[in-house]
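The values are calculated or read from the model by the stated rules, or taken from the named source; none is laboratory data. All figures in this text were calculated on a predicted structure; none of them were measured in a lab. FYI the Cβ positions are ideal-geometry reconstructions off the backbone, even for glycines, and counts take in every protein chain you see. Ligands, DNA and RNA are stripped out before the accessible areas are found, and what is left, the full protein with its side chains, is counted by its heavy atoms. Shrake-Rupley method; radii C 1.70, N 1.55, O 1.52, S 1.80 Å.
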Amino acid sequence: MKDAFGTPQSLLILGGTSEIALATARRLIARRTRTVWLAGRPSPDLERAAAHLRGLGAETHTVSFDALAPDSHETILGKVFAEGDIDMVLLAFGLLGDQAHDERDPVAAVRVAQTNYTGAVSAGLVCARALQAQGHGSLVVLSSVAAERARRSDFIYGSAKAGLDTFTQGLGDALHGTGVHVMVVRPGFVRTSTTAGRPETPPATTPEAVATAIELGLRRRSETVWVPGALRLVMAALRHVPRPLFRRLPL
Amino acid sequence: MPWIPHFGEAPGKAGRYTGFLGARGDTFAGMPANAVPFPGRTTPLTGWGRTAPTATRLIRPRTYEEAATAVRACGARGGIARGLGRAYGDAAQNAGGAVLDMTGLDRVHAVDADGGTVLCDAGVSLHRLMEVLLPLGWFVPVTPGTRQVTVGGAIAADIHGKNHHVSGAFSRHVLSLELLTADGEIRTVVPGTPLFDATAGGLGLTGVILTATVRLLPVETSWMSVDTERARDLDDLLARLTATDRYYRYSAAWIDLLARGSATGRAVLTRGEHASLETLESSARARGARLTRRGPLGRPLDFRPSRFPVAPALVPGGLLGRTTVGLFNELWYRKAPRARADQLQRIATFFHPLDGVPHWNRLRGRSGFVQYRFVVGHGHEEALRRIVTRISARRCPCFLAVLKRFGEGEPGWLSFPTPGWSLALDIPAGLPGLGAFLDRLDEEVAAADGRVHLAEDARLRPELLGAMYPRLPEFRALRRELDPDGVFVSDLARRLGL
Ligand SMILES: Cc1cc2nc3c(=O)[nH]c(=O)nc-3n(C[C@H](O)[C@H](O)[C@H](O)COP(=O)(O)OP(=O)(O)OC[C@H]3O[C@@H](n4cnc5c(N)ncnc54)[C@H](O)[C@@H]3O)c2cc1C
Ligand SMILES: NC(=O)c1ccc[n+]([C@@H]2O[C@H](COP(=O)([O-])OP(=O)(O)OC[C@H]3O[C@@H](n4cnc5c(N)ncnc54)[C@H](OP(=O)(O)O)[C@@H]3O)[C@@H](O)[C@H]2O)c1
């Protein structure tokens, strides 16, 4: 169960090797979290991540989960929920893709769309239902600033995240009053190994900062969290910039 | 329209929702497909502190049979009894399962006006008991800081009042109770048995208390005769309480946790006794008033709690910030007399000052608040001093906190009172870093033969529970035997692994 500050005792991460998710897990383990499920595509990285969290004192399990195989989600995630209550689900998988390449390779572009959007729709619905049956829990979904407004540089990824973002907001409204809390997290540029080498868009942030913002959002039962927080205002302004001008902004 | 099986035919918001997610069919790998739809509402519930809401099927039995049926049909996620929801944390919540609202069982069955006992349903509030009993010259044996608690909640949390050093906790005055257990049977439980000691303070986890016979206290008037004095700091306070507590039936100190430096722990002691008829008459004579129904003092045994307007539903979180609270505490300390004896106060003013403002808990804003009530053993005054100093140094916007010297410990296995010093304060849950701060205080408390009050708790780390409640293994063993399928369960029980 979560405590008065929204800190979970058990955590399910979808996308078990995500740097942001693991930073969040570390932070929550330091507070109350004792059980962690890492769901992801089987790999040495996934096992390494599990071992790392075990070293911090959390009982950690791994489960094989592929966002691109929605038919399997109900069975796989159902088994996790059958083992005991999950206080928080962190939906962290995502695929940034390579915009320039994907524009020329529609199949690759579709994979970006499916991973970020339809994969999340399926996993999100399955988790929402299980959380509703429990009568409690938080579903935290990692969206992105890219979901807020189409950018020339990453609109394939951005459009999928926009779908995910809208989906999550609606799910939050659907689950209002059921004891389940749904939170959309919109980070800006986060410095991770995936984004290393890519041009930074200020204000850039870190996985640890996202983790801190998530912990705060849980305590406040926020519905939307921007990281860094200043992005809320920045994006509110950018949303109204006319397109001819927006196109020319170095974003 | 398809329904989500666990939630039954829920109208309103939940009903709208089930049409959406329920559309995928009625089974799900993680839950039994045969779950029975149970008539009842699905409602998000919290404790009085308004943190950590969870959704439950709320059932309001009107008869013992309905209660027994509800217990038998609880389903996979079990059930728990709830009284008036005055527990601050998650003791009376059960996510995804059933919550039995016991306030529908609210009959006072019999009052023995000569012997001084009452037999009543567990859903009767102490407020109601006072209304019924005071005119007959009797008072409840123990009252907490609010009258709005049920007899069932009073036993299940084994509540204490300002008279703990003299009278012990509530359950010591219970002569017998009827308990609806997991098998759907009703058992009569009397003091001195393991089941009684597990149920007193057992947070509803041994079963649903249906009725209780409670021993009462004779009083001549509905007035309190109150002595007030100020203590300039914590040392002064502890010295005064130690030296003279035994002369009073009721004693507690309001302590200003925002005072710092040499004033750390400054407090106002209010101690009293039920006023005798003679005292009241002489006071009336002095005022030239007569003790009649219309007179300013009413008749000697009239129960007249005052009521103010209900607190607004939505209050900006910052309204009760540090400055406001600090000012309030300052004023209140200054206005208290340095020493004053034999002041007449109404029962409600003396015991339940907050009950005048219904729903005052809303004044704490959206993120709610946590109540931190702990006790440290005698001989651990240093630990108490460290804790008080830490709290003052942190400048938490705490309204008056209450310090009380406890008497003997209780037989209840999970009862809170144990000999020593108890301090209670409420803090806005949104305060940054509060979780980690209270975790550190817990360690201090556990090391000082102390514990926190589970009915008030919303955040204790489970690892410390065993140190705080050494009789926990017995409690768990009894539950395993009495309730092997875990019918009775609450969010608190899940969180702490009770
Ligand atoms: C302003 C204020 C002041 C307070 N002061 C004090 C104080 O001085 N001392 C003190 O000890 N406490 C104090 N409390 C706490 C309060 O007295 C307890 O939490 C009490 O249990 C609340 O009773 P309730 O009827 O509201 O029960 P709830 O809050 O609804 O439930 C509390 C617990 O009792 C169980 N329970 C309720 N009814 C039954 C039943 N029929 N059968 C089995 N289990 C049942 C529930 O499962 C739960 O575990 C205070 C609370 C407030 C809000
Ligand atoms: N980094 C940023 O700048 C940034 C900014 C805003 C939002 N975000 C979002 O935040 C989330 C986490 O970001 P991050 O930087 O921590 O990412 P990351 O380290 O690159 O991790 C991405 C995760 O997604 C998983 N994944 C990819 N495809 C999958 C599939 N088909 N099935 C299952 N898992 C799959 C990866 O698993 P494998 O190990 O199997 O590949 C990996 O665990 C992502 O949704 C991302 O879009 C990131």
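Observations, loosely collected:
- Spatially proximal lysines relative to B:LYS162 (Cα-Cα < 20 Å; intrachain offsets below 8 disregarded): B:LYS404
- Relative contact order (percent, whole number), chain B, Cα cutoff 8 Å, 6+ residue spacing: 17 percent
- For the protein assembly as shown, the share of DSSP beta bridges that are antiparallel, to the nearest 5, is 65%.
- Computed over Cα pairs, the Kirkwood radius of the range B:180-221 leads via Stokes-Einstein (0.890 mPa s, 25 °C) to a diffusion coefficient of 207 µm² per second.
- Rounded Å value of the spacing that divides the Cα centres of the range A:16-48 and the range B:172-241: 46 Å
- Computed about its Cα centre, the charge dipole of the range B:108-219 is approximately 360 debye, with only Lys, Arg, Asp and Glu carrying charge at their Cβ.
- Volume of the Cα convex hull of the protein assembly as shown, divided per residue and given in Å³: 175 Å³
- Using only side-chain charges placed at the Cβ, +1 for Lys and Arg and -1 for Asp and Glu, the dipole size of the protein assembly as shown relative to its Cα centre rounds to 2620 debye.
- Working note: Debye formula, equal point scatterers on the alpha-carbon atoms of chain B, no solvent; log10 I(q)/I(0) at q = 0.06, 0.07 Å⁻¹ is -0.28, -0.38.
- Around B:SER171: net Lys/Arg minus Asp/Glu count, Cβ-Cβ under 15 Å: -2
- Label sites at B:ARG260 and B:ASP439, each approximated as a point 7 angstrom past Cα along Cα to Cβ, lie 2.6 nm apart.
- Values of log10 I(q)/I(0), in the order q = 0.23, 0.24 Å⁻¹, for the range B:108-219 under a Debye, Cα-only, solvent-free model: -1.34, -1.44
- Taking 16 Å as the cut-off, the amide N atoms of the range A:100-142 that come nearer than this to a point 7 Å along the Cα-to-beta-carbon line of A:THR201 belong to A:100.
- Inter-label distance for A:LEU245 and B:THR63, nm, one decimal - labels placed 7 Å from Cα along Cα-to-Cβ: 7.4 nm
- For the pair B and A, total buried accessible area rounded to nearest 100 Å², probe 1.4 Å: 3400 Å²
- The range B:98-170-the range B:64-91 distance, computed between alpha-carbon centres (Å): 20 Å
- Considering only A:PRO187, A:THR17, A:LEU231, and ranking their Cα positions along the charge dipole of the range A:10-246 that arises from unit charges at the beta-carbon of Lys, Arg, Asp and Glu, the one farthest toward the positive end is A:LEU231.
- Pair B:ASP485, B:TYR247: separation of 7 Å Cα→Cβ label points (nm): 6.0 nm
- Helices that extend 15 Å or more along their long axis by alpha-carbon positions and average at least 0.5 on the Kyte-Doolittle scale are, among the DSSP H runs of chain A, A:119-134.
- Between B:ALA429, B:LEU441, B:ASN94, the Cα set farthest toward the positive side of the dipole of chain B (charges on each charged residue's Cβ, about the Cα centre) is that of B:ALA429.
- Net charge over other residues, Cβ less than 15 angstrom from the Cβ of B:ALA263 (K, R count +1; D, E count -1): +3
- FRET efficiency for the pair B:SER176 and A:GLU47, taken as 1/(1 + (r/R0)^6) with r the Cβ-Cβ distance and R0 = 60 Å, rounds to 0.55.
- Top positive-direction residue, dipole computed over chain A with Cβ charges, set A:GLY158, A:PHE246, A:GLY84: A:PHE246
- Reducing the range B:421-484 and the range A:103-131 to their Cα centroids gives an inter-centroid distance of 43 Å.
- Set of aspartates and glutamates near A:LYS2 by C-alpha distance (under 14 Å), chain-local residues within fewer than 8 positions excluded: A:ASP85, A:ASP87, A:GLU215, B:ASP90, B:ASP457, B:ASP491
- Structure-based [θ]222 nm, chain A - -39500 (n - 2.57) summed over DSSP H runs of at least 4, per residue, nearest 500: -13500 deg cm²/dmol
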